[in-house]
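Worksheet for the structure shown next.
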Amino acid sequence: MCTVIVHVPAEAGAATRVLAVRDEDPSRAWDPLGPWWPDTRPGVVGVRDARAGGAWLAADPDAGHLAVILNRADVMPDDGRPVPSRGHLVLDAVDGTEIADPRTHGFNLVDVTAERTRVTMWNGDVLRAVDLGPGIHMIAHDDVDDPTSARIIAWRGAFPAPAEDDERWWTAWMDVLERTAEVGPTDDRAIVRDNRPYGYPTLSLLVCAASVTDAGVDVVYGEFDHPGQWNRPELA
């Protein structure tokens, strides 16, 4: 039940901005933003799933490509057979590989280059993709800008369009994120979340912010002091 906010610019050559909040089971080990795939993907940095080796978020800064994945409910039957981790899809995306046959549980994959921001959605049965137009968008565990999602209804309009010349553009979005925490982590409107009351062992763990242009990708990272509890992490 992660949350991603994206600003797609109207002006050609302007930066696409992304803020991503990761929800995961705190007992599932991860590695912070870093170059974890030097042999297979030199130059790629990301937040690595230490168990399966894939990524929640990854970027190829030189190629100007960023991807991040969110879990989504699906209709796959639970027949006891192992299901591949979704993390490999993120690494494939920054390589430029198109998704054809996921064979994973449901997801929303946000795939960003300077030319296009695409969200690919898989519910275990149907694979769909949508390219985002200019403006602010939010993605959680349903469709893009889903009109039935409490957090999207509550907060999508609160995130301002970043100024192109603001080197710390994410500061204003972190201000909004701090405001969202006032509802409490178990509220359905929350972005910094404790999902256990909803039947999931996941809590918000960290935040990444990224700018994507034709010159490359800049990514900054910060962790919450305690899972599912707001404090203002310094992104670096």
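Consider region 159-182. How many of its residues are part of a helix (DSSP H, G or I) and in contact (Cβ under 8 Å) with a residue 24 or more places away in the chain?
The number of residues fulfilling the criteria is 7.
Of the conditions (1) in a loop (DSSP other than H, G, I, E, B); (2) surrounded by 16 or more Cβ atoms within 10 Å (Cβ to Cβ), residue 83 fails just one. Which one is it?
Among (1) in a loop (DSSP other than H, G, I, E, B); (2) surrounded by 16 or more Cβ atoms within 10 Å (Cβ to Cβ), residue 83 violates only (2).
From the residues in region 183-195 that are without any contact (Cβ under 8 Å) to a residue 40 or more places away in the chain and of a type in the set (Val, Ile, Thr), which one is surrounded by the most Cβ atoms within 10 Å (Cβ to Cβ)?
For region 183-195, the residue satisfying everything is 183.
With a cut-off of at least 2 residues that are within 14 Å of the chain's Cα centre (by Cα) and closer than 26 Å to residue 149 by Cα, name the strands (runs of 3 or more DSSP E) lying wholly within region 1-74.
Once the strands (runs of 3 or more DSSP E) in region 1-74 are filtered for at least 2 residues that are within 14 Å of the chain's Cα centre (by Cα) and closer than 26 Å to residue 149 by Cα, what remains is 3-8, 16-24, 55-60, 65-71.
Does residue 198 qualify as being more than 23 Å from residue 47 (Cα to Cα), touching a residue at least 40 places away in the same chain (Cβ under 8 Å) and of a type in the set (Phe, Trp, Tyr)?
yes
Determine whether residue 158 is buried (at least 20 other Cβ atoms within 10 Å of the Cβ), under 22 Å from residue 229 (Cβ atoms) and of a type in the set (Gly, Ala, Ser).
no
On the basis of being touching a helix residue (DSSP H, G or I) at 6+ places or on another chain (Cβ under 6 Å) and in contact (Cβ under 8 Å) with a residue 60 or more places away in the chain, does residue 23 make the cut?
no
Any residue in region 67-77 that is free of Cβ contacts under 8 Å to residues at least 40 places away in the same chain and either exposed (fewer than 15 other Cβ atoms within 10 Å of the Cβ) or not aliphatic (A, V, I, L, M) (or both)?
Scanning region 67-77, I find at least one residue that is free of Cβ contacts under 8 Å to residues at least 40 places away in the same chain and either exposed (fewer than 15 other Cβ atoms within 10 Å of the Cβ) or not aliphatic (A, V, I, L, M) (or both), so the answer is yes.
Across region 79-92, what is the total count of residues that are under 17 Å from residue 4 (Cβ atoms) and free of Cβ contacts under 8 Å to residues at least 12 places away in the same chain?
Residues that pass the stated criteria total 0.
Please work out which one of (1) of a type outside the set (Phe, Trp, Tyr); (2) farther than 25 Å from residue 218 by Cα; (3) touching a Lys or Arg at 6+ places or on another chain (Cβ under 9 Å) is the condition residue 181 fails and give its number.
Of (1) of a type outside the set (Phe, Trp, Tyr); (2) farther than 25 Å from residue 218 by Cα; (3) touching a Lys or Arg at 6+ places or on another chain (Cβ under 9 Å), only one is false for residue 181: (3).
Within region 93-158, which strands (runs of 3 or more DSSP E) (wholly inside it) include 2 or more residues that are closer than 16 Å to residue 188 by Cα and in contact (Cβ under 8 Å) with a residue 24 or more places away in the chain?
Once the strands (runs of 3 or more DSSP E) in region 93-158 are filtered for at least 2 residues that are closer than 16 Å to residue 188 by Cα and in contact (Cβ under 8 Å) with a residue 24 or more places away in the chain, what remains is 135-139.
We did not get these values from a lab; they are worked out from the coordinates using the rules stated. Here the structure is a predicted model, which means the values were calculated and not measured. Cβ: placed from backbone, ideal geometry, glycine included. Neighbour counts: every protein chain shown.
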